[in-house]
1. Do you know which residues across the stretch 1-41 are touching a residue at least 24 places away in the same chain (Cβ under 8 Å) and in contact with an Asp or Glu (Cβ under 7 Å, 6 or more places away or on another chain)?
2. I need the strands (runs of 3 or more DSSP E) fully contained in the stretch 238-356, keeping only those with at least 2 residues that are not hydrophobic (A, V, I, L, M, F, W, C).
3. Assess whether ASP222 counts as being of a type in the set (D, E, K, R), under 25 Å from the mean Cα position of the chain (by Cα), under 17 Å from ARG185 (Cα atoms) and more than 16 Å from the ligand (Cβ to nearest atom).
4. Can you list residue pairs whose Cβ atoms sit under 6 Å apart, with the first residue in the stretch 172-186 being within 13 Å of GLU230 (Cα to Cα) and the second being of a type in the set (Lys, Arg)? Count only pairs 6 or more apart in sequence or on different chains.
5. Can you pull out the residues in the stretch 23-51 that are open to solvent by 50 Å² or more (accessible area, probe 1.4 Å) and away from the ligand (no atom under 16 Å from the Cβ)?
6. All but one of (1) modelled with pLDDT under 95; (2) within 16 Å of the ligand (Cβ to nearest atom); (3) not acidic (Asp, Glu) hold for CYS340, so report the exception by its number.
7. For the stretch 336-354, how many residues meet the condition of being surrounded by fewer than 16 Cβ atoms within 10 Å (Cβ to Cβ) and in contact (Cβ under 8 Å) with a residue 12 or more places away in the chain?
8. Which condition number does SER136 fail, the rest of (1) closer than 22 Å to SER32 by Cα; (2) not assigned by TED's automatic domain parsing to the domain that holds ASN23 being met?
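The values are calculated or read from the model by the stated rules, or taken from the named source; none is laboratory data. The structure presented is a predicted model; accordingly, all values stated were derived computationally and were not measured. Every residue, glycine among them, receives a Cβ derived from its backbone with ideal geometry; neighbour counts consider all protein chains shown. Note: areas computed on protein heavy atoms with side chains; ligands, DNA, RNA excluded. Shrake-Rupley method; radii C 1.70, N 1.55, O 1.52, S 1.80 Å.
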Amino acid sequence: MIATLDFHITRTKNSKLAGTDFNKLPFGRVFSDHMLVVEYEDNEWKTPQILPYGKLEIAPSMLAIHYGQSIFEGMKAHRKEDGEIVMFRPELNFQRMNASAVRMCMPTIPEEIFFGGMSKLLQIEADWVPQTSGSSMYLRPVMYASDEVVGMHPSTGYRFVVMCCPSGPYYEKSLRMKVETDYVRAASGGIGAAKTAGNYAASLYPAKLAQDQGFDQIIWTDSQHRKFIEESGTMNLMFKINGKIVTPDVHDTILNGVTRRTLLHLAKHWGYEVEERPLSIDELKTVLENGTMEEFFGVGTAAVIAQMEAIGFNDKVFELKPLEENGFALKAKKYLQDLCKGKIADEFGWLYSVMK
Ligand code: COI
């Protein structure tokens, strides 16, 4: 049971709602009217505030921008056909955010602030939750170190902020992916399993080099052998090989994605054999050459299910067939769309009701 919270609420006097085109929602660029802000000071979380979305003051010495003590999550809220607003599996984001907090030496966020704060924000922003098919309310919780100090210490102050972006699809087209063997995302013992800013910053330069070669994104390989597939810069990766759903097993260099876990659950439920295991570049090339790789797709909260057009290795680029409507990936995508619209029953209890 989540305790009731007090809030300090300041409503905007200049709503942007009427001027927002819900038929054209670029991902992550439109922000709703309000945000949640909770300060952590003197070893405790203070009263949550709901404020007009806008700039927050930061000092040039703020610890997060020097040393990267900053974590975040990606979540979605949906409007069902009957008008109810639901979040998708938020407890998994809550658990992962607090696991990231522990790894990055930050305070954990209490359940009542995470769920209560986000629910209150969504209730205030209800009119911003898109109705249009293929769009949703992307929620971006972020926590960062706010101390003003130049020196390597964990911060004593933190700020937890949640902003809401009514958004269309993250990827509008299928992707050309490059298998990266020069640069690495994460090494064992590092911070690869935490959803922290630096992991994303690390992907920018190799992704830019890949883009210069005509690719859209990279596929990371492991730091030790540069041989085993890990994840992409923006999502986990999944394959259907010879009828089986195969994905790299999660360990401390891979982010344990919510969509990844959801699809593995659906695959098992629908009777597919599922293998979470190391998948080498050599195996990938073999199954691409002998035609047993039936599906390849990306999975993530923002990306949902991303279609792939090609996989490039150092010596060869394989062009891929589009995913088939009756295949696993697109069947799972439709299932999730229907579930979040309330067209089918929530048989696994994945929807968290925010407002009827
Ligand atoms: C998400 O899928 O929610 C992410 O945080 C990935 C990011 C590249 C948008």
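1. Matches in the stretch 1-41: ILE2, ALA3, LEU5, THR12, LEU17, SER32, ASP33, HIS34.
2. 244-247, 274-276, 293-300, 304-312, 351-355
3. It is true that ASP222 is of a type in the set (D, E, K, R), under 25 Å from the mean Cα position of the chain (by Cα), under 17 Å from ARG185 (Cα atoms) and more than 16 Å from the ligand (Cβ to nearest atom).
4. Final answer for the pair search is THR181/ARG226.
5. ASN23, LYS24, GLU41, ASP42, ASN43, GLU44, LYS46, THR47, GLN49
6. Looking at each condition in turn, CYS340 falls short on (1).
7. Going through the stretch 336-354 one residue at a time, the tally reaches 3.
8. (2)
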